[in-house]
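Trainee: I'd like to ask some things about the structure below.
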Amino acid sequence: MASLSPPPKPISEDSNPPPKSINYSLDRCAQISDVPLLSCLEAIERLKTIRKNQEGMQQVLAMYSSIFGGIVTEPAAMVIPMDDHMVHVGHGVFDTATIADGYLYEFDQHLDRFLRSACVAKIIPPFDREGIRKILIQTVSASKCRKGSLRYWLSAGTGNFHLSPSGCQPALYAIVLKDQSPSHQKGVKVITSLVPIKPPLFASIKSVNYLPNVLSKMEAEENGGLAAIWLDNDGFVAEGPHMNVAFVTKQKELLMPRFDKILSGCTVTRVLALAEELVRDGMLRGIRLGNVSVDEGKRADEMMLFSSSLLVRPVLHWDNQIIGDGKEGPVAMALLNLMQEDMKSGPPSVRVPVPY
């Protein structure tokens, strides 16, 4: 049995100084001391100008809000009230579905997980499942987007700035984002995260409380990586900040962590089904969910990440360790091809047409 590597020491205030990019200049504070009182129209015009001039801003094509009960395509109108409990206490859940060639990929699977997350968060949706489904499809239709993503939220709602949502009306929001994913699927580097992993109850749902995920992602970027890999409290491999992880062992097994302490990804669940074809073809000898030590993971022939945005992304380096031969592995690339083909011509259970 492989020995376990000890869990990394969590980050502390001393080990995590403020980001260098933040400007604490007092001169800058002095320059904005005269704050104008704006009318509603002036505020909207400023929002329009900001969104027009801000380079690199991800293009949002449409938004639905149950607060105003409709869909808008003007980015300046895509706002959420400050007294929404999702904003000021993080009481909300979300999910995302990919738009591919005018179809919503694994839409119903993501929607079911979305509603399970809301149940755990004790948020009662303002509409039933079919009503939410129709609203989300209409939002994509209004956006005219054929390649991108649909992201949607359920919030405890607006009404006050208290901790308790008592008296608030739950809200549904949705946006359609234009695709900005890279055209390549080159291998990447990951590191072992020093950010403490979320407890299983919170790790297993998609809540808007993503501060640990954000810090983990920033940690990876600061070290030249795409993602930081969390370990569970026993030192076993868990997941990335917004992706699942898997390995191809020396015995040609596809091995990935169990889902009892982490998010059960819709993409990785579909991968597990599609990977059976590789078992039949002899590329894999089997598929297994279980504990994965860091040592076992780093000795694997292949390592890969799964998410709705990445699909399948090979990992070539973990910390200072080269994975396999340091090249994109055949299993990862075969799984990517299977996923891409599934998005183009998969069964109706994973492809929902959008009526544009």
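Trainee: So is residue 137 out of contact with any His (no Cβ under 8 Å at 6 or more places or on another chain), surrounded by fewer than 19 Cβ atoms within 10 Å (Cβ to Cβ), farther than 20 Å from residue 180 by Cβ and among the hydrophobic types (A, V, I, L, M, F, W, C) or not?
Mentor: yes
Trainee: Taking the criterion of being in the same structural domain as residue 231 (by TED's automatic domain parsing), in contact (Cβ under 8 Å) with a residue 24 or more places away in the chain, surrounded by 15 or more Cβ atoms within 10 Å (Cβ to Cβ) and among the small types (Gly, Ala, Ser), would at least one residue in segment 253-264 satisfy it?
Mentor: No, segment 253-264 contains no residue that is in the same structural domain as residue 231 (by TED's automatic domain parsing), in contact (Cβ under 8 Å) with a residue 24 or more places away in the chain, surrounded by 15 or more Cβ atoms within 10 Å (Cβ to Cβ) and among the small types (Gly, Ala, Ser).
Trainee: So, one more: Specify which of the listed residues (141, 207) is in contact with a Gly (Cβ under 9 Å, 6 or more places away or on another chain) and in contact (Cβ under 8 Å) with a residue 12 or more places away in the chain.
Mentor: 207
Trainee: Let me ask something else. Got a sec? Which helices (runs of 4 or more DSSP H) wholly within segment 34-146 have at least 2 residues that are touching a strand residue (DSSP E or B) at 6+ places or on another chain (Cβ under 7 Å) and farther than 19 Å from residue 206 by Cα?
Mentor: Counting at least 2 such residues, we get 129-143.
Trainee: Being assigned to a helix (DSSP H, G or I) and among the polar types (S, T, N, Q) narrows it down to one of 216, 264, so name that one.
Mentor: After ruling out the rest, the residue left standing is 216.
Residue by residue, here is whether (1) aromatic (Phe, Trp, Tyr); (2) in contact (Cβ under 8 Å) with a residue 60 or more places away in the chain; (3) surrounded by 13 or more Cβ atoms within 10 Å (Cβ to Cβ); (4) in contact with a Cys (Cβ under 8 Å, 6 or more places away or on another chain) holds:
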site: 160; (1), (2), (3), (4): no, yes, yes, yes
site: 168; (1), (2), (3), (4): no, yes, yes, no
site: 175; (1), (2), (3), (4): no, yes, yes, no
site: 187; (1), (2), (3), (4): no, yes, yes, no
site: 194; (1), (2), (3), (4): no, yes, yes, no
site: 212; (1), (2), (3), (4): no, no, yes, no
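Trainee: Go through the residues of segment 114-124 one by one and say whether even a single one is in contact with a Lys or Arg (Cβ under 8 Å, 6 or more places away or on another chain) and surrounded by fewer than 22 Cβ atoms within 10 Å (Cβ to Cβ).
Mentor: Checked segment 114-124: at least one residue is in contact with a Lys or Arg (Cβ under 8 Å, 6 or more places away or on another chain) and surrounded by fewer than 22 Cβ atoms within 10 Å (Cβ to Cβ).
Trainee: Quick one: would you say residue 60 is buried (at least 17 other Cβ atoms within 10 Å of the Cβ) and either over 25 Å from residue 274 (Cβ atoms) or not hydroxyl-bearing (Ser, Thr, Tyr) (or both)?
Mentor: yes
Trainee: Being of a type in the set (Asp, Glu) and more than 18 Å from residue 210 (Cα to Cα) is the filter; apply it to segment 74-94 and report the residue that is modelled with the lowest pLDDT.
Mentor: 74
Trainee: I need the full set of residues from segment 265-282 which are in contact (Cβ under 8 Å) with a residue 40 or more places away in the chain and either among the small types (Gly, Ala, Ser) or outside the structural domain of residue 238 (by TED's automatic domain parsing) (or both), in order please.
Mentor: Once the filter is applied, which keeps residues that are in contact (Cβ under 8 Å) with a residue 40 or more places away in the chain and either among the small types (Gly, Ala, Ser) or outside the structural domain of residue 238 (by TED's automatic domain parsing) (or both), segment 265-282 yields 265, 275.
Trainee: Name the single residue that is nearest to residue 138 (Cα to Cα) among those in segment 327-345 being in contact (Cβ under 8 Å) with a residue 12 or more places away in the chain and either in contact with a Phe, Trp or Tyr (Cβ under 6 Å, 6 or more places away or on another chain) or among the small types (Gly, Ala, Ser) (or both).
Mentor: So the residue we want is 343.
The values are calculated or read from the model by the stated rules, or taken from the named source; none is laboratory data. Since we're looking at a predicted model, the values are computed, not measured. Cβ sites come from the backbone with ideal geometry, for glycine too, and all protein chains shown count toward neighbours.
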